[in-house]
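The values are calculated or read from the model by the stated rules, or taken from the named source; none is laboratory data. As the structure is a computational prediction, the values presented were derived from the model and not from experiment. When we count neighbours, we look across all protein chains shown, and the Cβ atoms used for this are built from the backbone with ideal geometry, even at glycine. Quick note on the areas: whole protein, heavy atoms, side chains included, nothing else; ligands and nucleic acids left out. Shrake-Rupley method; radii C 1.70, N 1.55, O 1.52, S 1.80 Å.
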Amino acid sequence: MTEKRSPVTFWLVAGVIVATAIALIAFVVVIDSDDPQPPARAGTDSTGDYLYDIGLERRDPQDPLALGRVDAPVTLIVFTDYQCPFCAKWSHDTLPTMIERAEAGELRIEFRDVNVFGEASTRAARAAYAAALQGRFLDYHHALYPEGRPRKGDGLSTEGLIATSAELGLDVDRFRSDMESAATRKAIAENEELGAAAGAYSTPSFILGGQPIAGAQPTQVFVDALDELTTAEGN
């Protein structure tokens, strides 16, 4: 005998299907634009420098997970997960080149861990944030991706993460306190929410100068896209 569904059940199921479909395309639809300039640009101040409505780009000088000048012409937002093998590969293969461009003043990089793989990812994100509060984000970030691979097993346990802070010469007591603090948990939750708002439900995902890039594309893809944006900035 076929079970009959009530009208309420039917519309609930239909609503879930529609919501899922919207989420899958949100990453492209929400931020896609024909304008190659960063969409957060809002005008100039009295010196002629650009001001930003941060939106997806925070441009926060106090952001511990950001690299490069706060007023760099282009921003790269990086949505990652510390259990994601493709995130590890991108960090190993492409991030060094992007850091060079950031050091040259051409790029700002903002990391946003979305932690799609669960609690161990969230715990690792809190650990990286705690290291960042001591000015050691990149060192800790790379330690979580040894040789371009994500850690396994106890490597992402609380004890393993604390041990890594000691190996890097961090203040371990401060690290442990910051890792478990309400402020750190709030910051990580906000980053996850930003990823959800951008539709970054798979990792790695990127927004470069307002344009989405999905997946760990070859380094040259990022270099070419950045060159195009910086050329446009110079015109």
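The residue among 202, 153, 165 whose Cα reaches farthest toward the positive pole of the charge dipole of the stretch 150-235, with charges on the beta-carbon of Lys, Arg, Asp and Glu, is 153. Based on alpha carbons, the Rg and Dmax found for the stretch 98-161 are 12.9, 38 Å. Using only alpha-carbon positions in the stretch 128-221, the gyration tensor eigenvalues give semi-axes of 26, 17, 12 Å once each is multiplied by 5 and square-rooted (largest first). Within the accessible area of the stretch 98-173, the carbon and sulfur atoms contribute 47%, probe 1.4 Å, all protein chains present. Annotation: extensible slack from residue 180 through residue 167 equals 2.8 nm (criterion: 0.36 nm per residue apart, minus Cα-Cα distance).
Can you give me the pair-distance distribution of the stretch 65-118, C-alpha pairs, 5 Å bins, whole percents? Cα pair-distance distribution for the stretch 65-118, in percent: 5, 21, 27, 23, 14, 8, 2, 0. Within the stretch 79-235, the ratio Rg/Rh, alpha carbon atoms throughout and Rh by Kirkwood, equals 0.98. Put simply, the Cα atoms of the stretch 183-235 extend 41, 23, 17 Å along their principal axes, the longest span coming first.
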